[in-house]
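These notes concern the structure reproduced below.
The values are calculated or read from the model by the stated rules, or taken from the named source; none is laboratory data. Note that the coordinates shown come from a computational prediction; the quantities given were computed from them, not determined experimentally. Neighbour counts are summed over all protein chains in view; Cβ atoms, including those assigned to glycine, are modelled from backbone coordinates with ideal geometry.
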Amino acid sequence: MERTRLVLGAMTGTSIDGIDLALAEVRGTGLSMSARLAAFRGAPLGTLAMRLRAAADQQPITAGELAELSRELGELHAREASELLREAAVPRIDLAAIHGQTVFHRPPTSLQLLNAHPIAAALGCDVVFDLRGQDLALGGQGAPLTPLSDWVLYRAPHARAVVNLGGFANATILAADQGAPPARQVAAIHGADLCACNQLLDRAARAALGRDFDADGAVAASGQRHERAFAELSALLAPQPGARSLGTGDEAFAWIDRHLGALAPADLLATAADAIGTAIGRALAARGVSDAVLAGGGARHARLARAIAHAAGVAVQPSDRLGIPVAAREALGWAVLGALAQDGTDVSLPQVTHRPATTPDSALPRPIPGTWLRIRTADECGLNRY
């Protein structure tokens, strides 16, 4: 009988604008698995948002404050996950896969802040987190990791891009599914971080409008592009030499400071959206895809989506049309990655993270990716806790 699992995935992205949780029904194992979204919940970060943003901006913080922030983030995950399971009338799940909040990323150093113990205690299931660590330790960039889950969820008979418009934009490039063995299809997956996205758009909205974000790009839609500022930002967003993931120091925030007083708020936001969308669209055009699926918070930004479609020259659609709400894509993908990791599948792809090829010693057991909190029964450890 085909194995079926309920797996929770949770994500707080580099935009630091909320927490998304997805419950996935996963059928099968390893590269033969399929998954569907069973339930979804989004929630604000509350007072944690400002403190997490300060940590990600590299503002000074004590060890005690960092520990408190990590614990409170874990407690928030535990509360929201428990509420999602209550809403879905699900008494128990098999696994929770938690991203944690990235507050620093400059490979080989990266920190996904999270105290996972409150989550394991609340849910009573195994918890996997820090899925980047193994790839970083082996010389990879640790990102992007979603391409393998995108293959599970979105592959099609034609070449397709799956674009996440989060704090940073990244794209998965999937070859046409022509029935080749799964391992061969996976070997053909490509993906990369592209440029700053919602981090830049949201920072511009906070600076120009005093709002956390420009909802649906409404203000940007009313603005006019400033060509000199557009060209300047386009140059900043252009691909950098060498293959690397984006992180701390790649946000292009200084561009906002240079143009904040000179441009009207709507024009500043319009110019930023056009430059980001054009950079993403050009990257897709260079990869020869037939269509693009947009997900993440930026998929609701109408001007950004139009700029992507115009520059890419292909049909663009939100993931909603494929049955996955744009806000749920990353959390659902993380649930899939957690299930793959539980099956012993390497969730990072060397051709995507640029991890050096290695020949593992067959005498050594293959490590399961990620850091695990494993639930043990009373018979196994004398305690009815993790």
Members of region 27-41 found to be in a strand (DSSP E or B) and either assigned by TED's automatic domain parsing to the domain that holds residue 322 or touching a Ser or Thr at 6+ places or on another chain (Cβ under 7 Å) (or both), listed by number
27
Log entry, pairs with first residue in region 258-275 being outside the structural domain of residue 216 (by TED's automatic domain parsing) and assigned to a helix (DSSP H, G or I), second being buried (at least 19 other Cβ atoms within 10 Å of the Cβ) and not hydroxyl-bearing (Ser, Thr, Tyr), beta carbons closer than 6 Å, six or more apart or on different chains, reads none
Every residue in region 108-131 that is without any contact (Cβ under 8 Å) to a residue 60 or more places away in the chain and in a loop (DSSP other than H, G, I, E, B), please.
108, 114, 115
Within region 312-319, is there a residue that is at pLDDT below 90, in contact with an Asp or Glu (Cβ under 8 Å, 6 or more places away or on another chain) and not in a helix (DSSP H, G or I)?
no
Within the group 283, 272, which residue is at pLDDT 90 or above and in contact with a helix residue (DSSP H, G or I) (Cβ under 6 Å, 6 or more places away or on another chain)?
272
When residue 46 is evaluated against the numbered criteria (1) touching a strand residue (DSSP E or B) at 6+ places or on another chain (Cβ under 9 Å); (2) modelled with pLDDT under 95, which criterion, by number, is the only one it fails?
(1)
Condition first: part of a loop (DSSP other than H, G, I, E, B), more than 22 Å from the chain's Cα centre (by Cα) and touching a residue at least 12 places away in the same chain (Cβ under 8 Å). Can you find one or more residues in region 152-159 that meet it?
yes
Residue satisfying all of: in region 325-383; small (Gly, Ala, Ser), surrounded by 20 or more Cβ atoms within 10 Å (Cβ to Cβ) and not in a helix (DSSP H, G or I); modelled with the highest pLDDT among these:
348
